[in-house]
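The values are calculated or read from the model by the stated rules, or taken from the named source; none is laboratory data. Given the structure is predicted, the values throughout are model-derived calculations rather than measurements. As a convention, Cβ positions derive from the backbone with ideal geometry for all residues, glycine included, and neighbour counts pool all protein chains shown. For accessibility, only protein heavy atoms count, side chains too; no ligands or nucleic acids. Shrake-Rupley method; radii C 1.70, N 1.55, O 1.52, S 1.80 Å.
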Amino acid sequence: MADRYLHFTGTAPGRFLTRRLGLPQPAPLRRWTLETPSLDGPLLHLTAGKPAHPGTLGPVLAATGLKVTEQADRPAGIVLDATGVTTAAGLADVHAALHPVVRSLATGGRVVVLGTSPSPDDHHQAAAQQALEGFVRSLGKEIGKGATVQLVRLAPGADPASAESTLRFLLSPRSAYVSGQVVELSADAPGEVADWAAPLGGRTALVTGAARGIGAAVASVLARDGAQVFCLDVPQAREELTRTADRLGATALPLDITAPDAAEQIAAAVPGGLDVLVHNAGITRDRRLANMAADRWASVIDVNLDSVLRTTDALIGSGTLRRGGRIVATASIAGIAGNNGQTNYAASKAGIIGLVRSLAPRAAAEHGITVNAVAPGFIETKMTAAVPLFIREAGRRMNSLSQGGLPVDVAETTAWFAQPASGAVNGQIVRVCGQSLLGA
Ligand SMILES: NC(=O)c1ccc[n+]([C@@H]2O[C@H](COP(=O)([O-])OP(=O)(O)OC[C@H]3O[C@@H](n4cnc5c(N)ncnc54)[C@H](O)[C@@H]3O)[C@@H](O)[C@H]2O)c1
């Protein structure tokens, strides 16, 4: 179901009327296209305090291909290096740096604040660095014009070079529907990309639930980025699955992911092994708990969580997921905020968050594998088109960008996690929700 309100506010009378009535003013988001792969304008590089890694951020920003400058009338992006802010008094530098320029940010612009992990041993540093989170989340809510604001935290010992894949993503049209997020980078080696135009070149990826919706978009973006893709979906969806796979030059794998031998079947289908495993298949069986039969509970936990645990264990254990592999699971903001009628679904999606946080450090230490999750908010799919009108409208508007996201927004975030150069991005739950108010 198309977002007619978004279309209406894009017309002159629509803009006039909705402004007069004080209604939300969603700015049309500019997403990645072959013709417009990057932001349209210069990148302003600012600092607050004395940077923790002087001289190292500049080359990373220059590598994005954007024109990096210390002064610009209408920047398309602003990066504030706040790694040197270690006291409450030092926060004044954050205000001093951004206050004069924030209004000049171009429509659809990007603000990224670079910080460091709050220290367990220095409560002054921890207070100052944690303050940046509240700052970023608030700025995201007030900035408007389709702009986004994020905080990227470097672990002790990590330098800005480990943030390259993350900065490239956040400072591009690929992250159009990601805002108000905090990404923590580990001190692990990031890994290298041979060709940034095809960062997944030579890699093999499996996407579950890939016949349609978000999964089909993920398969498409991974293929665009150079991966050889296997699209898995239930045998009942074989026709749609084959159509999707054929369109992408991918391989269709009709298989129910809850089958007891699913992991063996996957291993047999990808004899060369896998580099990227995307757990996207998911179902809803909504009812309030008092009305929910045990089978509705069980099927949702089985598809959304248990099968993810089983196949992850088996594919790592058998070595099918190769060293340096990337696992991307699909949570949901319902798993963070909870939702009326979704105790089963929210439990399954919160379970995904538990899985990611626990497995990520061990998988990295033992196998060089990263484990992250996307947590979509309101995404325009068949699933959300079926939601009753008023709830659908609320879902679309109750976020900082005043609109729903598209499957491609979740797919772009997944592709960033999947990159070989994202080795320092591990154990992260990144919401693709336009900074939804739910669970924020
Ligand atoms: N659409 C949203 O707004 C939204 C929000 C938050 C999270 N999500 C999550 O994103 C993922 C994709 O959602 P979507 O909106 O594209 O849903 P969708 O229903 O359009 O697609 C899900 C796909 O998974 C497949 N699938 C279901 N059970 C399977 C099984 N046992 N084995 C293999 N494949 C199976 C389905 O056949 C379908 O093709 C899900 O995990 C969902 O929970 C979606």
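Results, tabulated for the structure shown:
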quantity: Residue within segment 392-414 that is among the small types (Gly, Ala, Ser), part of a helix (DSSP H, G or I) and within 20 Å of residue 172 (Cα to Cα) present; calculated: yes
quantity: Long-range neighbours under 7 Å by Cβ, at least six apart or interchain, first residue more than 14 Å from the ligand (Cβ to nearest atom) within segment 264-281, second open to solvent by 20 Å² or more (accessible area, probe 1.4 Å) and part of a loop (DSSP other than H, G, I, E, B); calculated: 267/318; 275/203; 276/203
quantity: Residue in segment 332-343 that is part of a strand (DSSP E or B), free of Cβ contacts under 8 Å to residues at least 60 places away in the same chain, within 12 Å of the ligand (Cβ to nearest atom) and open to solvent by 10 Å² or more (accessible area, probe 1.4 Å) present; calculated: yes
quantity: Where residue 359 falls short, out of the listed (1) surrounded by 20 or more Cβ atoms within 10 Å (Cβ to Cβ); (2) closer than 30 Å to residue 293 by Cα; calculated: (2)
quantity: Of all residues in segment 223-250 being part of a loop (DSSP other than H, G, I, E, B) and within 21 Å of the chain's Cα centre (by Cα), the one that is farthest from the ligand (Cβ to nearest atom); calculated: 226
quantity: Test: residue in segment 116-126 that is in contact (Cβ under 8 Å) with a residue 60 or more places away in the chain, open to solvent by 10 Å² or more (accessible area, probe 1.4 Å) and under 21 Å from residue 182 (Cα atoms); calculated: yes
quantity: Residues of segment 288-304 satisfying the condition of being open to solvent by 70 Å² or more (accessible area, probe 1.4 Å) and either closer than 17 Å to residue 353 by Cβ or assigned to a helix (DSSP H, G or I) (or both); calculated: 289, 290, 291, 294, 295, 297
quantity: Sole exception among (1) in contact (Cβ under 8 Å) with a residue 12 or more places away in the chain; (2) away from the ligand (no atom under 16 Å from the Cβ) for residue 194, by number; calculated: (1)
quantity: Selected residue (only one of 96, 88 is outside any helix (DSSP H, G or I), surrounded by fewer than 19 Cβ atoms within 10 Å (Cβ to Cβ) and touching a residue at least 40 places away in the same chain (Cβ under 8 Å)); calculated: 88
quantity: Check on residue 368, open to solvent by less than 10 Å² (accessible area, probe 1.4 Å), within 28 Å of residue 172 (Cα to Cα) and not aliphatic (A, V, I, L, M); calculated: no
quantity: Residue match in segment 325-341 (condition: touching a Gly at 6+ places or on another chain (Cβ under 8 Å) and farther than 30 Å from residue 139 by Cβ); calculated: yes
quantity: Some residue of segment 127-137 being of a type in the set (Val, Ile, Thr) and part of a loop (DSSP other than H, G, I, E, B); calculated: no
quantity: Failed criterion for residue 49 (all others in (1) modelled with pLDDT of 95 or more; (2) open to solvent by less than 50 Å² (accessible area, probe 1.4 Å) hold); calculated: (1)
quantity: Test for residue 307: is it within 16 Å of the ligand (Cβ to nearest atom) and either open to solvent by 40 Å² or more (accessible area, probe 1.4 Å) or among the polar types (S, T, N, Q) (or both); calculated: yes
